[in-house]
Amino acid sequence: MAFPVTRLRRLRRTDQLRNLVRETRLTPEAFVYPMFVCPGEGVRKEVRSMPGVFNLSVDEAVKEAQEVHSLGIPSVILFGLPDRKDEVATGAWADDGIVQQAARAMKRGVPDLILMGDVCLCEYMSHGHCGIVKAASTPKSLGAAARDAMNTARVVAVRNREEKKKAIEALATVVTRAAQVEFEIDNDASLELLARTSVSLTRAGIDIIAPSDMMDGRVAAIRAALDEANFINTPILSYAAKFASGFYGPFREAADSAPQFGDRRSYQMDGANLREAMREIELDIEEGADMIMVKPAMPYLDVIAAARDRFDLPLAAYQVSGEYAMIEAAARNGWIEHDRVMMEALLSIRRAGASIILTYHAKAAARLLA
Ligand code: PBG
C-alpha cells in the first residue's frame, strides 16, 4: 500500500513513538572498555592522540575498573606496557608480567568485572611485531648494495639542480633498500608464545582470552594449551577478521607497539577482502573460538553484517583508537556534536549486527544511557 495510505512519518512524530518502534538499542551491557596498564604507582598518563584515555599503573587501573563496573559496563580488555621489551616477548607470558599483575589486582578489587586479556606479542617485542621475527635473507653490506645499484642504475641526464637532487635521492633509496634485511614473521614458532601467554594470563585471573596477533592456527594452539592446563572453561574471543588498518595509529602510541620496521600486512588482513574475512572467521570457529570479532568497526560494517548473517557465535566489533580519535578531534574543534556522533557511531555498529562493542567511548556512552 503506497502513499497516501502509507505514511512512514506517522511513527516518527513524537519521541515516544520513535522510541516504541526503535529497532536497535544501545545498552552498557554490550560494552567492553579497553585499558592500558603500565608499571609504577599513581601513574595516570593521558595518551596524546586519545584524549580521555590513559596509561594507568595497576593501582590506578583498579580504581578505573571500579568506575567502569559502577557504570554498568560488564567487561574490560587489558593491554600492557612492559618495562622492558625483548625478542621473545617475555613480558607477555611472564607470571609477573604487567597484565598478569593488573589481572590479579582487579580480580581482588572488582570481582564481578569480566576481564578480557588481549593476547598479542607486539607490545612486548623490541621490534614491535605481533610474532617472532626471523631474517629471510642476509642483508647485503652497504658497499655491495651500492655496487649493485650502480650496475643497474640507468644513465640519467639531469638538466638542473632539482633533477640532480631527485636522481641522487632515487639512487640512495635503491641502495638502502638493497641493504635492508628481508624479514619474515615466523608463524608456527609464534604459536608457542601465544599459547604460553594465554595460560599465564588465565592463571592470573583473566576470564576471556582474546588473541589479536593474526597468526594462522593460533586459536587451536591456545585452546590446546588452555585445556592442557585444565582451563577448559576459559572462552576464546578471537579477533578473527582483523584488518591491516591505518585506524590503529593512536593505539600504537597508547601501547607503544608500532613496528620498528616493515608493517603488519603480511599477517593482518587486506582491507579489500570480505570473502577472505569469512574464511578467517570460519577457520577460527573450526579451531575452537567461542566468540568472534571484526576489527576495526565503522570502516568494516559490511563485514560485521556479513559475519552476523553467516555465523551464529556471539559477534564482537572493535571500534578502534583511530575511530575514537577522529570523533574526539572533530568534536574538540567544534565541527561535530560529540555525544550525538558518538552514539550514532556505536548504534551503527550494533545495527550492523555486533552484540558486543569494544570501545574507548564505553564510559561516556554508558553515562548518557544511564
Ligand atoms: C595488538 C592490537 C592492536 C590493536 C588491538 N590489539 C594494534 C595493532 O594490531 O597494531 C588496535 C586497537 C586500536 O587501535 O584501538 N596487535
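Provide a single number: the residues in the stretch 252-288 that are under 20 Å from L191 (Cα atoms) and more than 16 Å from the ligand (Cβ to nearest atom).
Matching residues across the stretch 252-288 total 8.
Specify which of the listed residues (L301, L313) is more than 16 Å from the ligand (Cβ to nearest atom) and in contact with a strand residue (DSSP E or B) (Cβ under 7 Å, 6 or more places away or on another chain).
Only one candidate qualifies: L313.
Determine, yes or no, whether F36 is outside any loop (DSSP other than H, G, I, E, B), in contact with a Pro (Cβ under 8 Å, 6 or more places away or on another chain), under 19 Å from I206 (Cα atoms) and within 16 Å of the ligand (Cβ to nearest atom).
Judged against the criteria, F36 is not a match.
Pairs needed: first member in the stretch 229-254, assigned to a helix (DSSP H, G or I); second member anywhere, polar (S, T, N, Q); C-beta distance under 6 Å; at least 6 residues apart or different chains.
From the stretch 229-254, the pairs are P250/S49; P250/S321; F251/S321; E253/S49.
Can you say whether S200 is among the hydroxyl-bearing types (S, T, Y), surrounded by fewer than 17 Cβ atoms within 10 Å (Cβ to Cβ), away from the ligand (no atom under 12 Å from the Cβ) and in contact (Cβ under 8 Å) with a residue 60 or more places away in the chain, as far as the supplied structure shows?
In short, no.
Test each condition in (1) in contact with a helix residue (DSSP H, G or I) (Cβ under 7 Å, 6 or more places away or on another chain); (2) assigned to a loop (DSSP other than H, G, I, E, B) for L226 and report the one that comes out false.
Here L226 clears every test but (2).
Could we say that D95 is in a loop (DSSP other than H, G, I, E, B) and at pLDDT 95 or above here?
Against the criterion (in a loop (DSSP other than H, G, I, E, B) and at pLDDT 95 or above), D95 qualifies.
The values are calculated or read from the model by the stated rules, or taken from the named source; none is laboratory data. Here the structure is a predicted model, which means the values were calculated and not measured. Cβ sites come from the backbone with ideal geometry, for glycine too, and all protein chains shown count toward neighbours.
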